[in-house]
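Engineer: Take this structure, written in structure tokens, and hold onto it; I'll ask about it next.
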Amino acid sequence: MSSSTNLMLKKLLALSLITSIPAACAYPSISQIENPPKVDVSVNEEKAVPIEVVSKTWKCPGCNYNEKYVLEQLQEKTRISDRNALATIMGNIKSESNFHPNICEGGARVNYNQCHSGGYGLIQWTSIGRYNNLGKFAVKYGYDPSTLEGQTAYMINESVFQRYLPEFEGPGKTVDQYMVAAYYWLGWGIKGYRQQYAYDYTKKMILA
């Protein structure tokens with residue numbers, strides 16, 4: 001057999017070995033490495049199950065309806081999220097009115113226009129300006145000034161409360177520290193049991 005024939009047979013043998021390697025074992029080309037195939041990871045919005053994010057708030061299971069309503073509104077209409085801050089506000093309201101909106105100073109349960117002396121309502125608005133502004137607020141926004149809903153809305157939006165609201169929205173303080181802001185908000189003459197009431201609320205409130 002001639003040398004040329006041997007050379008031809010060697011080339012054919014080498015070619016047959018190369019073509020017999022399974023495709024799965026072949027190495028990817030440079031272009032395939034640099035430009036990998038794209039995988040479709042898009043979401044089928046019609047079939048996707050939405051994830052509901054539930055934010056927790058402070059609740060008071062043992063409180064009455066009026067207390068629960070005020071606690072809910074304070075968190076819904078402001079950025080107050082600290083338990084001690086909320087408890088301090090609640091304790092002061094309890095001390096002022098025991099959460100009775102239609103109460104005149106001295107204990108008489110009357111409508112807004114029937115309280116002619118002293119404080120009136122949830123936080124016992126006393127000065128003529130703050131008392132009159134309760135009535136004006138109620139007329140402007142369609143509330144009854146003698147009701148829990150109307151007075152809670154006014155309490156949160158009143159300029160005096162708004163002035164000290166940042167103090168309550170700042171977290172990490174003790175009840176004692178929040179009581180300072182509460183004093184300037186309400187301007188009470190007698191401290192009474194309001195601070196103890198605040199501590200009681202801290203024990204009754206749960207994050208749920």
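Each value in this text was obtained by applying a stated rule to the coordinates, not by laboratory testing. All figures in this text were calculated on a predicted structure; none of them were measured in a lab. In this analysis, Cβ positions are derived from the backbone assuming ideal geometry, glycine residues included, and neighbour counts consider all displayed protein chains.
Engineer: Within segment 58-207, how many lysine pairs that are 8 or more places apart, or on different chains, have C-alpha atoms less than 22 Å apart?
Structural biologist: For segment 58-207, qualifying lysine pairs total 24.
Engineer: Based on other C-beta atoms within 10 Å, arrange Cys115, Cys60 from fewest to most. Please report the intermediate quantities before stating the final value.
Structural biologist: Working: Cys115 22, Cys60 18.
Least to most surrounded, the residues fall as Cys60, Cys115.
Engineer: Moving on. Going by how many other Cβ atoms sit within 10 Å of their own, how do Tyr199, Tyr164 line up, fewest first?
Structural biologist: Working: Tyr199 14, Tyr164 17.
With the sparsest Cβ surroundings first, the list reads Tyr199, Tyr164.
Engineer: Working out 0.36 nm times the residue gap between Ile190 and Arg163, then minus their Cα-Cα distance, what length gain in nm do you get to one decimal? Walk me through the numbers on the way to the answer.
Structural biologist: Numbers: separation 27, 0.36 × 27 = 9.72 nm, distance 2.21 nm.
My answer for the length gained is 7.5 nm.
Engineer: Sticking with this structure for a sec: Quick one: order Trp125, Trp58 by neighbouring beta-carbon count within 10 Å, fewest to most.
Structural biologist: Values: Trp125 26, Trp58 23.
Fewest-to-most Cβ neighbours within 10 Å comes out as Trp58, Trp125.
Engineer: Among residues other than Pro171 whose Cβ falls under 12 Å from its Cβ, what is the net charge (Lys/Arg +1, Asp/Glu -1)? Walk me through the numbers before you get to the answer.
Structural biologist: Working: positive: Arg79, Arg83, Lys173; negative: Asp82, Glu167, Glu169.
Net local charge, Pro171 excluded: 0.
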